Amino acid sequence: MDAKRKALTAFIGLAALAFLIFNANQAGPVSYKYTQPAMGTIFNITVYGAQENNARDSSRKAFSLLHSIEAELSRFRDDSELSSVNKQPASSHKISGHFLDCVKQSIAVGDLTQGYFDITFLPLYKAWDWRNDPKNEPSAGTLEALLKSVGYKKIKLDEKNSSICLMPGMMLDLGGVAKGYSPTNALASQFATAFLKSGSSSPTNALATAAGTSASRASTSRCRTQYRGRTA
């Protein structure tokens, strides 16, 4: 009887151990999620397969870069580069690399969509004032006058000198590209350099999402190829 009881106890113990091992293997990698508001929405960064201190520090740096990009591209900040351009559109303005990249991408998407995507629509948007007075409808004469200041092909972008000049009355809104551009660059620059400098050989992945936008993903395997030979 004692032998049967011992055998049964051993069997139960082995079964429990097998169950724990199976569930451990089925579980995904350890992940850490960090959230901050920016650009009028919520950004999430989730890091998989990294040590917590590396994930936390790199996420903090990624968010810092994201906020700096927001300071350049937001039309809701009076001190942003974009606001400076919108206030004096007919002047030539030196712009940052992020600003330049977003305008170039916007022009490319404008061409791809045959003008349906147009970052110069802001004067029309303001005329309708959908946020504050959705029932307000501008007159045909007002729209005709404003349309003279709308059209992304009228943007004068000097890539060589990193400068931009618009027509009088033109205004830009980069919100359609900035929310996707920002997490992509924050991940690529911060996680790539951080994990390469750490010398980690384990696979690490980072996923960034903003409410209402698609996800951006960075991985150490891809970044090793992209950043090989560069110093952080």
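Some values worked out for this structure:
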quantity	calculated
Yes/no for Asp133 being of a type in the set (Asp, Glu), without any contact (Cβ under 8 Å) to a residue 40 or more places away in the chain, surrounded by 13 or more Cβ atoms within 10 Å (Cβ to Cβ) and over 21 Å from Lys160 (Cβ atoms)	no
The range 47-80, subset of a type in the set (D, E, K, R) and without any contact (Cβ under 8 Å) to a residue 60 or more places away in the chain, residue farthest from Ser182 (Cα to Cα)	Glu52
Residues of the range 136-162 satisfying the condition of being β-branched (Val, Ile, Thr) and surrounded by fewer than 17 Cβ atoms within 10 Å (Cβ to Cβ)	Thr142
Filter result for the condition that a residue is within 23 Å of the chain's Cα centre (by Cα) and modelled with pLDDT under 85, over Ala55, Ala24, Ala71, Ala16	Ala55
Pair list, Cβ under 7 Å, 6 or more apart: the range 136-154 residue without any contact (Cβ under 8 Å) to a residue 24 or more places away in the chain, other residue in a loop (DSSP other than H, G, I, E, B)	Asn136/Asp129
Helices (runs of 4 or more DSSP H) contained entirely in the range 65-149, each with at least 2 residues that are among the acidic types (Asp, Glu) and within 24 Å of Glu159 (Cα to Cα)	97-112
Verdict on Tyr125 being modelled with pLDDT of 95 or more and either surrounded by 11 or more Cβ atoms within 10 Å (Cβ to Cβ) or farther than 16 Å from Asn86 by Cα (or both)	no
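Listed here are the residues, each with its yes/no results for (1) crowded, with 18+ Cβ neighbours inside 10 Å; (2) in the same structural domain as Met167 (by TED's automatic domain parsing).
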site	(1), (2)
Ala62	yes, no
Ser84	no, yes
Ser91	no, yes
His98	yes, yes
Cys102	yes, yes
Gln105	no, yes
Thr113	no, yes
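The values are calculated or read from the model by the stated rules, or taken from the named source; none is laboratory data. These numbers were taken from a predicted model, which means no experiment stands behind them. So basically every Cβ, Gly included, is an ideal-geometry build from the backbone, and we count neighbours across all protein chains shown.
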